C-alpha cells in the first residue's frame, strides 16, 4: 500500500514541478503578454495531466472518483498542446523574446564554460602533484 502511495505522490510532484517551471517562465514575461497566458495554460495542463494520470479507475475506492480523475486526461492534453503550440508560434514571431532567450542561453553557456575550466584546472593540478611527488622520490 505504501508503494502505491509513493508512486502516486511522485507523479503528482512531477506535475507540480513541470507546472512550476512554466509558471516561473511566465512570471518573467510582461503581464499583458499573450505568450504569458499560453505558458500559464501549459502549466495548468501539465499539473492536471500528472494528477489525472496518477489516479486509475482500478485504484479508486469508489469508481466515480477514479473515473473523474481519468476523464480530465483529455482536457489536460488539450491544454498542454494548446499552451505549447501557441507559445512556440508567438515566441517565433516576437523578436524581443527571441533576443532574451538567446542572451539567457549565452549567459548559461559562459557559466558552464567556467565550471568546466575550473574542473579541468583541478584535474591538471592533481596530475602535476602526482608527477612532482614521483620526481621528488627519484631525486631524493
Quick check on the stretch 6-14. Is at least one of its residues modelled with pLDDT of 85 or more and surrounded by 15 or more Cβ atoms within 10 Å (Cβ to Cβ)?
yes
Close pairs from the stretch 100-115: first assigned to a helix (DSSP H, G or I), partner surrounded by 10 or more Cβ atoms within 10 Å (Cβ to Cβ), Cβ under 9 Å, at least 6 apart
100/28; 101/91
Considering residues of the stretch 78-101 that are under 18 Å from the mean Cα position of the chain (by Cα) and exposed (fewer than 15 other Cβ atoms within 10 Å of the Cβ) only, the residue modelled with the lowest pLDDT
101
Some residue of the stretch 37-50 being farther than 17 Å from residue 78 by Cα and either modelled with pLDDT under 90 or not assigned by TED's automatic domain parsing to the domain that holds residue 81 (or both):
no
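The values are calculated or read from the model by the stated rules, or taken from the named source; none is laboratory data. Computed from a predicted structure; not experimentally measured. Glycine also receives a Cβ, built like all others from the backbone with ideal geometry; neighbour counts cover every protein chain displayed.
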